[in-house]
Each structure stands twice: as C-alpha cells, then as structure tokens.
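A short reminder: the numbers here are calculations on the coordinates, not readings from a lab. Just so we're clear, the structure is a prediction, and the values are computed from it rather than from any experiment. All Cβ positions, even for glycine, are placed from backbone atoms using ideal geometry, and neighbour counts span all protein chains on display.
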Amino acid sequence: MRKTVLTLAFFIILSLSLSGCDEKKEEKPVLTILTEREYEDQVKVARHGFNEKYDDVEVKIQTLSEEPETRETQIQKLRTQIVAGKGYDVYILNNLRYGSGEPLDELPLFDNPYKTMQSGVFSPLNDNMNQDSYWKGTSYFDPLLKAGQYEGKQYILPLSFESELFLSNTERTGNLNGKTLLEWLEYADSSQDLDLRGTMAQQALHVKGWYQPAADYERKAILFDEKQWADFFVLMEQFCTKYFSESVDWYGEMTVKGITNEIKRMEIVPDLQGNRIMEVQAFGAVGMSSDTKQDAYRFLMLFLNRQTEGLEDGIGGRDNPADQEAIKWMLKRSGLSDETIEETMKKLSQFNLAYFSTETESMLQTSVDQAEREKRWEVTKDWEDCKKTGAEIAEKGRRNYETQVKE
C-alpha cells in the first residue's frame, strides 16, 4: 500500500512539473513599442497586421502623454530606464519641434537624434535591411535614409518629413531665377511676382531650414555660417517690412498637402546653400537593449513596406510619408490627377538633403519669432539695431552647435 501511495505521489508531482513546463512554453515573447499619442491609432493598426502574421508575439504599446507636466515626468523616468539598459524594443517618435510656426510643448524623449545615434541607445539595422527585399530598388527617399546613418550604419529610419514648397496658381513666363534662398529673396524683391513674395515672407516662419546642414557630427565640425545667416536675417526683416501691406494675402499652405490640380508653378524652396531639404518628423528605431530585434525590425517596417491595410501612406499624421509610392497613393486619394501627381513626384525627386531639428534650430526659430512679433524695425527702420540683433542670434546659434557637436 505504501508503495502504491508513493508511486501515485510521484506521478502527481511529475504531472504538475510537466504542466508547469507547458505553461512556460505557452508564454509569448513580448514586443514593447513606445510611441506618441499622435501615432497611437496607426501603431495599433500595425499591431493587428503584425499579429496576423506573427501570432506568437505579444505586442504592448506605451504612449507618451501630450500633457506637458505628465510628459516631462514620463520622459525623466524613461531616460533613467534607457541608461540602465531597460529601454523599449521599438521607438516610433516625432521630432517635431514646431507646428504652424509655433513652438510645441511636446518635450522630445531624445533631444538630439544625431547624438542619440552615437550613444548606443539604438541598434544598427543593416543586417536586417540587407536581407529585406524592400531595400532592393526601393522607393524610399535616399536623403532620409542618409539622415539616419552614423559611421556607415543605419540606426534610424525616418518615417515622415516636412518641406517648404513654392506653390502658385498663376502662370508666369520665364524661369524662377536663383538657386539659393538668398537669390530667391533678391529676385522676389526685384520682380512683381506676388506669389513668390508671399512664399519668401513665409520663410520668416521656417527659420530651421535657412541653413542645413549646420553641423557634421561624425567629423565634429561646425558648418553653420554665422555671418551668412545674420546677413540674411537683416535682408528678410527688410523684405517683410517693405512688403508688409501685401502680407494679408500671403499666408497659405506651402507643403505637399497644399498641392491641387490648379497649381501652375511648383518648386522646392532652397536653403542658403542651395540645398533642397527635408525635415525629419516621425522616425523609428530599434532599441539596443531589445531581445527581439528581428521582430522589432519587422514591426518597424510595417510603416514603410505598404503591406498592411490601413498603413498604405505610412505613419500618417500631419506630414508626408518617407516612401515615394506612399506619397503617390496619398496624392491619388486626395483627388489629384495623374498629370499633377507625375509633376509633383518629378519635383520631389530634387530633394538632396534631410536633417533632424535640434534644440539649436528651436532656439533660432524662437529668436526670430520674437523679433517678428515685436516688429520694432517696421517703425524705427533702425537697420543697425536689426543687424546687431541678427549677429547676436547667429553667434548664439554657432555656440550652441559647437556645444552639441563636442559634448
């Protein structure tokens, strides 16, 4: 009898042990996503598409608050966790610092994406990209790809961008003269092209794109031309003052989403060096601390490869998708003709540079905004004072870039 009881007890223990093993086997690996409230719906669509293909992975989504105080508390805690090697598997964030020319209260998790790429927070994506057919003959914008690289490795995939366009419904004979922002300003001043004047006046609201690239983080070099920037600041103030009476009719949509079938002229607004630039907005990355890097990469690519219903135009939101085919789809959906879409894509192929806005661009923008609001030179016409102000802002900008690059 005792032998029977012992035998029975053995099988009960064995059964419980095996049952525990089965439970452990059934535990799914967890993929953690950190994103913005703005992108939460799209990320949930991506989760649904991901689990249709990989149902053995649990996807958990954490969103950053849009309420300033709560967001700041979240970010302080997250930065501590990341430094301790306890970050997220996937980051889908927004580098937007300004909206409609106004500063936002959305404190970024990563102040400077360039420095973050150097820090070891993100994992290189090259191995996965080399095995991904999407990148063979891709329609992804090449300048955006380069913006997410450091020392030849891809750490960030920009998912959307913004840019400034010259859009006009009126036809004019002859070509727009000038290759740089300064030459455009001079031409607008000497011509009677009111649409162009309006476009140039709006550049006072888009200071971040006046001079790019401003720094080379790999070579630790400052490219920002302090004098050129300061001189242009004065000319811009003089221009806006001179044509202030016309300004009521100037302000309109100057982005890809402002294109209509009635557009007769379309050009990318250049910067002071003649670059046709793209400002990175949404971007994605895989955390170095992730134990599921391949799944993290697969999830991230759902916003680019257009294989998931509901994500045909990528991350969505207020910006333009990083994939040219996604832009075509977006424009087609908005009702544009094939002819307009073809002309738009031809113009967009002229982009040659993409950049991430940093704290310094925000400082430059804020400083010019303040000067614009004061409008003291419209009354005083004291251009020496204007020159002094421009020089002070530019000097501060240079010092800030030096600090960012060398820290």
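Computed values, structure above
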item	result
CD proxy at 222 nm, helix term only [per DSSP H run n ≥ 4: -39500 (n - 2.57); per residue of the chain; nearest 500]	-14000 deg cm²/dmol
Selected from Pro108, Thr366, Gln76, residue furthest toward positive end of dipole (the chain; charges at beta carbon)	Gln76
Which labelled figure in [x] 5, 28, 38, 24, 5, 0; [y] 4, 20, 28, 23, 13, 5, 3, 2, 1, 1, 0, 0; [z] 4, 13, 20, 24, 21, 12, 5, 1, 0 is P(r) over Cα pairs in 10 Å bins from 0, in percent, once derived from the coordinates	[y]
Anisotropy class of segment 159-316 from Cα gyration tensor, a/c 1.5 cut	oblate
For Ser289, distant residues with modelled amide H under 5 Å away	Gly87
Gyration tensor verdict on segment 142-186 (Cα atoms; rounded if a/c is under 1.5, prolate if a/b is larger than b/c, oblate otherwise)	prolate
Segment 256-337: C-alpha gyration tensor shape, a/c 1.5 cut-off, then a/b vs b/c	oblate
Karplus-derived HN-Hα couplings along segment 150-159 (A = 6.51, B = -1.76, C = 1.60, θ = phi - 60°), whole Hz, x at Gly and Pro	9, 6, x, 10, 8, 9, 10, 10, x, 10
Residues Lys396, Lys60, sorted so that the one with the fewest Cβ neighbours within 10 Å comes first	Lys60, Lys396
Rel. contact order, % - alpha carbon contacts under 8 angstrom, at least six apart, segment 91-230	15
Karplus (6.51, -1.76, 1.60) ³J(HN,Hα), θ = phi - 60°, over segment 40-46, in Hz, Gly and Pro reported as x	4, 4, 5, 5, 5, 4, 5
0 to 90° range, to nearest 10: angle between helix 338-348 axis and the chain longest Cα axis	90
Met278, Met363, Met236 arranged by Cβ crowding within 10 Å, fewest neighbours leading	Met363, Met236, Met278
Loop-resident sites, segment 122-163, for trypsin sites (Lys or Arg not before Pro), counting at most 11 other Cβ within 10 Å (DSSP)	Lys136
Amide H partners (placed H, <5 Å) of Phe166, local residues excluded	Glu267, Ile268, Val269
Exposure proxy order (Cβ contacts within 10 Å, fewest to most) of Val207, Val83, Val59	Val83, Val59, Val207
Length-normalised contact order for the chain - Cα pairs under 8 Å, 6+ apart - percent	25
Estimated vicinal HN-Hα couplings, Hz - segment 292-299 in sequence order (Karplus 6.51, -1.76, 1.60; Gly, Pro = x)	10, 5, 5, 5, 4, 5, 4, 5
Candidates Gly49, Gly178, Gly152: whichever shows maximal mean-square fluctuation once the chain is modelled as a Gaussian network with Cα springs under 10 Å	Gly152
Folded to 0 to 90 degrees: helix 359-374 orientation relative to the chain principal axis, Cα	40
